[in-house]
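Below is one structure, written out as structure tokens; the observations come after it.
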Amino acid sequence: MKFLPLVLLTAVLSPALALAQDRVRGEIFAGYSLEHISPCGSQGSSPCGLELGVLPPTMSFNGWNASITGYLYPFLGLTADVSGHYGSSVPNSFSRYSYLFGPTVALRVRKFKPFAHALFGAVSESATVNSGLSYEKYARAVGGGLDIAVSRHFAVRVAQFDYEWVNVPAYGAPSVNGLRYSGGVVFKF
């Protein structure tokens with residue numbers, strides 16, 4: 001009879017403790033990324049910034065994407081996202097790095113985790129057009145994706161799509177916009 005309160009307390013708290021242990025506090029993502037971007041804005045007709053009319057109006061760039069998300073609540077977190085994309089248009093080469101931060105909203109349903117985020121930061125672009133040009137500008141992106149859990153600490157990000165905007169440095173030029181796909185592995189902690 002002396003142990004009855006302890007047994008009852010343990011029985012009541014066990015499910016809560018089990019849920020607390022399963023709660024993801026953060027995650028790290030790393031994977032492949034493909035960026036399809038219109039460097040001269042949605043029109044693609046007027047030269048701007050880096051391109052000076054030498055690069056095609058729309059290009060696809062291969063690269064990588066990595067992010068870390070810390071969850072404040074099971075459904076709300078803060079994400080830091082970095083990516084690098086590379087391409088070429090003979091005889092020029094092009095590189096683009098983005099550094100974005102912002103809120104993430106996630107819904108955990110069994111093994112699936114759809115998420116959405118709004119990210120803000122900067123993009124750094126450079127090209128070997130003529131003697132070489134580069135700039136760094138404010139950037140923003142909205143998007144989301146789907147993770148599928150493989151185990152308690154490991155998931156596969158089957159898709160992450162982000163729509164990006166960047167203001168180009170040329171006066172009066174339209175903003176750069178494009179779509180980024182990413183996929184890879186997610187480590188949960």
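Of all residues in the stretch 60-74, those that are more than 13 Å from Y32 (Cβ to Cβ) have Cβ atoms under 6 Å from Cβ atoms of residues that are of a type outside the set (A, V, I, L, M, F, W, C) and surrounded by 16 or more Cβ atoms within 10 Å (Cβ to Cβ), 6 or more apart or on another chain, in S67/T79; S67/D81; T69/E27; T69/G77; T69/T79; T69/T104; G70/G77; Y71/G77.
Among residues of the stretch 27-50 being modelled with pLDDT under 95 and part of a strand (DSSP E or B), the one that is surrounded by the most Cβ atoms within 10 Å (Cβ to Cβ) is E35. Among the residues of the stretch 59-77, those that are among the small types (G, A, S) and under 18 Å from R157 (Cα atoms) comprise G63, A66, S67, G70, G77.
Taking the stretch 81-116 as the search range and keeping residues that are β-branched (V, I, T) and part of a strand (DSSP E or B), which one is nearest to G70 (Cα to Cα)? Going through the qualifying residues, I end up with T104. Taking the criterion of being surrounded by 14 or more Cβ atoms within 10 Å (Cβ to Cβ) and not small (G, A, S), the residues of the stretch 149-160 that qualify are V156, R157, Q160.
In the stretch 117-130, of all residues being at pLDDT below 95 and not in a loop (DSSP other than H, G, I, E, B), the one that is nearest to F75 (Cα to Cα) corresponds to A122.
So that you can scan it fast, the table gives a plain yes or no per residue for (1) surrounded by fewer than 16 Cβ atoms within 10 Å (Cβ to Cβ); (2) under 15 Å from L179 (Cα atoms); (3) at pLDDT 95 or above; (4) in contact with a Ser or Thr (Cβ under 9 Å, 6 or more places away or on another chain):
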{"site": "L52", "(1), (2), (3), (4)": "yes, no, no, no"}
{"site": "P57", "(1), (2), (3), (4)": "no, yes, no, yes"}
{"site": "F61", "(1), (2), (3), (4)": "no, yes, no, yes"}
{"site": "W64", "(1), (2), (3), (4)": "yes, yes, yes, yes"}
{"site": "S67", "(1), (2), (3), (4)": "no, no, yes, yes"}
{"site": "G70", "(1), (2), (3), (4)": "yes, no, yes, yes"}
{"site": "Y97", "(1), (2), (3), (4)": "no, yes, no, yes"}
{"site": "T104", "(1), (2), (3), (4)": "no, no, yes, yes"}
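The values are calculated or read from the model by the stated rules, or taken from the named source; none is laboratory data. All values derive from a computational prediction rather than experimental measurement. Here the Cβ is made from the backbone with ideal geometry for all residues, glycine too, and neighbour counts use every protein chain on show.
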